[in-house]
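*Asks:* Here it is: the structure, laid out below.
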Amino acid sequence: MANDLDELMSRDPMSLSAQDIDAIIAYHRNQRARKASGEKPVRTSSANVDISAITKKIVKESKPAVVCDRRG
Amino acid sequence: MVDESLLMIGTISPFLPGTQIQFAWDSTSIGYLKTCPRLYQYTMLEGWSPKSESIHLAFGTAYHSALESYARSRANGVSHEDSIHDVIAEILRTTADWVMDLSTKAGKYKNRATLISLVLDYLDYFVDDPTETYIMSDGRPAVELSFRFELDWGPEGYQVIEPYGMGQPYILCGHLDRVVTFNDQLFVMDHKTTTSAPGDYYFNQYEPNNQMTLYTLAGQVVLNAPIRGVIISAAQILLEKEHRFVRGFTYRTQDQLDEWLLDLHLHLNSAEAFAEAGYWPMNDTACDKFGGCKFRGVCSKSPEVREMFLKADFVKLELDQRWNPLASR
């Protein structure tokens, strides 16, 4: 499996395996968790990302909510 | 009457044959007309489009499509994780040919990576969505619901139009992202992406608002159900922080819907008069609204040189590429 998000994203999407898709999802969830903790996000266009390392980390879950603006 | 089979394949023109009189209207084209008849002329009649506009349209279309796919999948009993997997795979396929200039603000905020993260974050955020997709009487989920219905009046003086036959009425059309139940009430849900903060200032733009009033009316007509208004589901794209999701409600009473239709009658009468005169006046009080009209740089020039400035900064779309309210999705 590739260990670089840029490489994964640049591939022919028809050639991506289910594991590749899961790795991309895990990467973005990890990025969200890092943003939530105040870390600067990794810029994929300028830095290589180790997907296999990321998928091992625990991703913080978000809680659903609706903000209701009562109008009318 | 319009041949429904032609409507469904989306190839019919929204204009009466041989005229500039539009008989099929959606919220976008009505909005152009109400904002400025010259804006309507440049966009709907002549097909001028800014060279840089496609990125916003492509991003918005892909975002809507992804959320639609997810909602359909969930309504069919597929799990959250499996639905997300399929949606992300779909995004990767449909955006494979995107070429974004990441040095521009538009490119930084609207590219494949931000699209995937925005969709993923939205779906995770609302994994236990308190709104539920309305299931129509035929068992289908009310997602990306196209609507077309006739008004009880049409263009004056164009009551016999071949090949449509007698009395072509005006048609209102468009697409509802989703119809949902929330606290035992029915609402249209409309998805928006924004780079600005979705606070009171943001939501105030939807009250009153042409699009949201039409969507409330359309929901009532199409579903024959008491739609209360629209839930605007706003997604703020952020680069350094988590994306932010806020929903706002905007309600419409029956009297407000009736008033909107009355006003529309007069606006469409004006459009017909402009078409017959072959002249679409400029509303120079709207040029600075919403960050400035895209044609401001053209309209600010003397009339005899405007064509030159249009050609420099805009592309003239082919007929089949122009905005068509009757085009199928």
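The values are calculated or read from the model by the stated rules, or taken from the named source; none is laboratory data. Nothing here was measured: the structure is a model prediction, and the numbers come from that model. Reconstructed Cβ throughout: ideal geometry from the backbone, glycine too, with neighbour counts over all protein chains shown. The area values use the complete protein model at the heavy-atom level, side chains included, leaving out ligands, DNA and RNA. Shrake-Rupley method; radii C 1.70, N 1.55, O 1.52, S 1.80 Å.
*Asks:* Counting other Cβ atoms within 10 Å, keep those with at most 14, restrict to DSSP loop, and tell me which chymotrypsin sites (Phe, Trp or Tyr not before Pro) in the range B:234-329 are left.
*Replies:* B:TYR279
*Asks:* While we're looking at this one, here's another question. Which residue fluctuates most in the GNM of chain B (Cα springs below 10 Å): B:ALA197, B:ALA234, B:ALA218?
*Replies:* Most flexible of the set in this elastic network: B:ALA197.
*Asks:* Beyond 28 Å between alpha-carbons counts as too far, so tell me which of A:LYS40/B:LYS294; A:LYS35/B:LYS105; B:LYS105/B:LYS294 fall in that bin.
*Replies:* Checking Cα-Cα distances, A:LYS40/B:LYS294 exceed 28 Å.
*Asks:* Can you tell me the length gained on complete extension of the stretch B:TRP323 to B:ARG72, counting 0.36 nm per residue apart and subtracting the Cα distance?
*Replies:* Working: separation 251, 0.36 × 251 = 90.36 nm, distance 2.63 nm.
Extra length available between B:TRP323 and B:ARG72 comes to 87.7 nm.
*Asks:* Give me the extension gain from B:SER302 to B:SER54: residue separation times 0.36 nm, minus the current Cα-Cα distance, reported in nm with one decimal.
*Replies:* 86.5 nm
*Asks:* Now, a different point. Under a point spin-label approximation (7 Å from Cα along Cα-to-Cβ), what is the B:PHE309-A:LYS40 distance to one decimal in nm?
*Replies:* Result: 4.1 nm between the two label points.
*Asks:* So which residue, out of B:GLY297, B:GLY31, B:GLY60, gets the largest mean-square fluctuation from a GNM of chain B using Cα contacts under 10 Å as springs?
*Replies:* Comparing B:GLY297, B:GLY31, B:GLY60 in the GNM, the peak value goes to B:GLY297.
*Asks:* Also, quick follow-up: Find the sum over both chains of the accessible area lost when B and A are paired, probe 1.4 Å, and report it in Å² to the nearest 100.
*Replies:* Summed over both sides, the interface buries about 3100 Å².
*Asks:* Stretch B:THR61-B:SER146 to full length: gain in nm at 0.36 nm per residue minus the Cα-Cα span? Display every interim value, and only then the final one.
*Replies:* On the way: separation 85, 0.36 × 85 = 30.60 nm, distance 1.47 nm.
That works out to 29.1 nm of additional length.
*Asks:* Over 42 Å, how big is the tail of the calculated P(r) for the protein assembly as shown, in percent of all Cα pairs? Display every interim value, and only then the final one.
*Replies:* On the way: 13934 of 80200 pairs.
Here the long-distance tail beyond 42 Å is 17 percent of all Cα pairs in the protein assembly as shown.
*Asks:* Now for a separate question. Using alpha carbon centroids, what distance separates the range B:57-78 and the range B:253-281, in Å?
*Replies:* 34
*Asks:* Can you list the GluC sites (Glu not before Pro) in the range B:179-286 that are in a DSSP coil and have 14 or fewer other beta carbons within 10 angstrom?
*Replies:* Those satisfying the criteria are B:GLU240.
*Asks:* If I model a spin label at A:ASP4 and B:GLN254 as a point 7 Å from the Cα along the Cα→Cβ vector, what separation in nanometres do I get?
*Replies:* Going from the A:ASP4 label point to the B:GLN254 one covers 6.5 nm.
*Asks:* Rounded to whole Å and sorted largest first, what semi-axes of the equivalent ellipsoid does the C-alpha gyration tensor of the range B:109-241 yield via the square root of 5 times each eigenvalue? Mind showing how you got there, number by number?
*Replies:* Details: eigenvalues 224, 71, 44 Å².
Ellipsoid half-lengths, sorted descending, are 33, 19, 15 Å.
*Asks:* State the Cα centre-to-centre distance between the range B:178-217 and the range B:112-154 in whole Å.
*Replies:* For the range B:178-217 versus the range B:112-154, the Cα centre distance is 12 Å.
*Asks:* Send over a whole-number figure in Å² for the accessible area per residue of the protein assembly as shown, probe 1.4 Å. It would help to have the intermediate numbers written out before the result.
*Replies:* Working: 19690 Å² over 401 residues.
For the protein assembly as shown, the per-residue accessible area is 49 Å².
*Asks:* If you roll a 1.4 angstrom probe over the protein chains with everything in place, what fraction of the accessible area of chain B belongs to carbon and sulfur, to the nearest %?
*Replies:* Summing carbon and sulfur atoms, their accessible area is 52 percent of the total for chain B.
*Asks:* While we're on this one: Which FRET efficiency value, to the nearest 0.05, do you get for B:ASP138 and B:GLU46 by plugging their Cβ-Cβ distance into 1/(1 + (r/R0)^6) with R0 = 30 Å?
*Replies:* My answer for the efficiency is 0.15.
*Asks:* Now for a separate question. Label point 7 Å out from B:LYS241 along Cα-to-Cβ: which residues of the range B:197-218 have amide N under 15 Å?
*Replies:* Zone members listed by number: B:197-200.
*Asks:* Once the principal axes of the Cα atoms of the range B:14-150 are found, what is the range along each, listed largest first in whole angstroms?
*Replies:* 51, 48, 24
*Asks:* Where does chain B land at 222 nm, in deg cm²/dmol rounded to the nearest 500, when only DSSP H runs of n ≥ 4 count, each adding -39500 (n - 2.57), divided by all residues?
*Replies:* Taking each H run of at least 4 residues, the total per residue is -12000 deg cm²/dmol.
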